[in-house]
Amino acid sequence: MDIHEYQAKELLAGYGIPVPVGGLAYSPEQASYRAREIGGDRWVVKAQIHSGGRGEAGGVRICSSETEIQEAASDMLGRRLVTRQTDSRGKLVGRLYVEEATDIAQELYLGIVLDRASERIMLVASSAGGMEIEEIAVEEPDSLLRISIDPAAGLLEYQARELAFGLGLDSRLVNKLVKILMASYRAFRDLDATMVEINPLVVTGSDDLVALDAKMSFDDNALFRRPQISELRDRSQEDPRESAAADRGLAYVGLEGDIGCMINGAGLAMATMDMIKLAGGAPANFLDIGGGASPERVLKAFRVVLGDANVKVMLVNIFAGINRCDWVAEGVVQAFQKLDVQMPVIVRLSGTNVDEGRRIIAQSGLPIITAETLAEAAEKAVAARPTAEKAA
Ligand code: ADP
Ligand code: MG
């Protein structure tokens with residue numbers, strides 16, 4: 001789960017990380033009221049969306065009067081902001097964060113991520129902050145410093161100090177950075193985060209360090225024990241297909257094709273998407289219905305996939321181990337009875353109770369297309385797409 005910049009800043013500030021003074025606004029009037037509250041004569045109005053790259057997309061505006069603030073706020077509020085990290089629809093701007101403008105001497109990059117290769121938490125930093133990490137890796141690879149954190153020992157002060165010196169910081173700033181690094185790591189661990197990114201962390205004109213931007217993501221599987229984090233969820237930032245699936249306990253990722261997929265097991269789902277591509281089609285989603293899927297669960301999954309207007313064909317691919325083909329088949333039949341299924345449905349069943357499953361499908365009298373192998377199922381799904389779509 002992702003959260004907004006202002007929420008991440010509030011959490012990090014709670015761990016002692018310095019952030020600019022700021023306030024949230026839902027309207028232009030509120031934005032200028034916030035500026036008055038903050039004081040000073042330069043402010044930054046920042047669109048709160050779950051994406052980076054806002055600056056270059058017009059989502060971060062420096063203002064020096066209340067009129068400018070109101071203009072910036074009414075430009076942004078209610079619009080969808082497209083950044084290079086969003087899809088072409090962009091994300092809805094429903095909240096703004098108004099901050100004091102900080103006098104920037106240098107921008108640093110700081111990230112704490114999960115490194116799957118080493119199975120450890122990794123601290124990444126660079127003196128080329130402000131840019132996205134991918135660009136830094138290409139354009140300033142030498143500036144990238146990495147520290148692998150031992151899970152038993154945690155981040156150690158000497159590692160943090162080494163990193164601070166590695167960034168070429170003035171000795172007066174080293175201790176401040178060490179504090180920020182230790183605090184970021186604590187926040188990451190304590191809150192079950194999967195990512196903490198402060199970009200930029202700036203050196204100010206008066207030689208202080210301040211987090212000007214902050215991004216945090218959390219482990220969905222740990223949210224049950226982090227109610228204060230769960231509360232920060234903002235559904236307006238999520239793909240509605242994905243939120244609907246998550247509410248039903250289904251692992252779902254929305255994609256851009258037109259073949260709706262319902263599969264058990266993440267590996268089989270990936271393989272099926274590959275086979276669809278190989279056959280010349282494109283999947284509309286990744287959906288893992290999991291092990292031991294009851295007919296009710298299959299029906300729920302059908303509902304989620306059919307809720308996507310892009311879906312023109314439905315492909316059910318089950319390799320039942322813990323699952324039972326007969327339950328899945330019953331779920332498919334129920335879907336036809338209870339939902340308005342107007343599209344070709346291809347079903348491929350294999351594994352536990354497969355004979356019973358196939359019998360249920362055959363005896364249902366429904367126009368279900370069956371397949372024996374994964375390759376055959378993918379080809380039939382691609383072939384079953386409406387012709388206009390295929391020509392396009
Ligand atoms: P994003 O990463 O989504 O583009 P940032 O919050 O990093 O958004 O803002 C982009 C840039 O805007 C920063 O790199 C920084 O130069 C500037 N900026 C952001 N917040 C402030 C602030 N409070 N004061 C001065 N400049 C800021
Ligand atoms: Mg940023």
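The values are calculated or read from the model by the stated rules, or taken from the named source; none is laboratory data. In this text, all values refer to a predicted model and were calculated from it rather than measured experimentally. Quick reminder, even Gly has a Cβ in these numbers, built from the backbone with ideal geometry, and neighbours come from all protein chains shown. Surface accessibility is based on the protein's heavy atoms, side chains included, excluding ligands, DNA and RNA. Shrake-Rupley method; radii C 1.70, N 1.55, O 1.52, S 1.80 Å.
With the whole protein complex present, residue 114 retains an accessible surface near 80 Å², based on a 1.4 Å probe. The Cα atoms of segment 239-391 define a convex hull whose projected area, averaged across directions, is 7.8 nm². Annotation: residue 67 carries an accessible surface of approximately 90 Å², with a 1.4 Å probe and no ligand, DNA or RNA atoms counted.
Shown for the chain: the carbon plus sulfur share of the solvent-accessible area, taken with all protein chains present and a 1.4 angstrom probe, equals 50%. Please give the FRET efficiency for residue 156 paired with residue 207, using the beta carbon to beta carbon distance and R0 = 30 Å, rounded to the nearest 0.05. Given R0 = 30 Å and the Cβ-Cβ separation, E is 0.70. The distance between label points at residue 137 and residue 364 comes to 4.4 nm (points 7 Å beyond Cα on the Cα→Cβ vector). Residue ranking by accessible heavy-atom surface, 1.4 Å probe, largest first, among 374, 181, 255 comes out as 255, 374, 181. For the listed residue pairs 277/380; 46/91; 91/277; 46/176, the alpha carbons are over 19 angstrom apart in 91/277; 46/176. Beta bridges from DSSP with both residues in segment 184-328: antiparallel share about 60 percent, rounded to the nearest 5. Nearest 10 degrees, 0 to 90: what angle lies between the long axis of helix 157-166 and the longest principal axis of the chain (Cα atoms)? Between the helix axis and the principal axis of the chain, the angle is about 80 degrees.
Take the Cα of residue 171, step 7 Å toward its Cβ, do the same at residue 186, and the gap between the two points is 2.7 nm. Heavy-atom accessible surface of segment 272-392, averaged per residue, reaches 45 Å², computed with a 1.4 Å probe.
Quick one: if the Förster radius is 35 Å, what FRET efficiency do residue 356 and residue 79 give, using the C-beta to C-beta distance and rounding to 0.05? Result of the calculation: an efficiency of 0.05. Applying 1/(1 + (r/R0)^6) with r as the Cβ-Cβ distance of residue 27 and residue 334 and R0 = 41 angstrom yields a FRET efficiency of 0.30. Our summary of shape: the Cα atoms of segment 21-101 have principal axis extents of 36, 19, 18 Å, ordered from largest down, in whole angstrom. Here is how the number arises for the chain: DSSP H runs of 4 or more residues each give -39500 (n - 2.57), the sum is divided by the residue count, and the result at 222 nm is -11000 deg cm²/dmol. In terms of overall dimensions, segment 98-187 has a Cα radius of gyration and Dmax of 13.5, 40 angstrom. Here the label points at residue 89 and residue 343, each 7 Å from Cα along the C-beta direction, are separated by 1.5 nm in the simple model. How long are the three semi-axes of the equivalent ellipsoid for the chain, computed from the Cα gyration tensor as the root of 5 times each eigenvalue, in whole Å, largest first? For the chain, the ellipsoid semi-axes come out as 47, 25, 18 Å.
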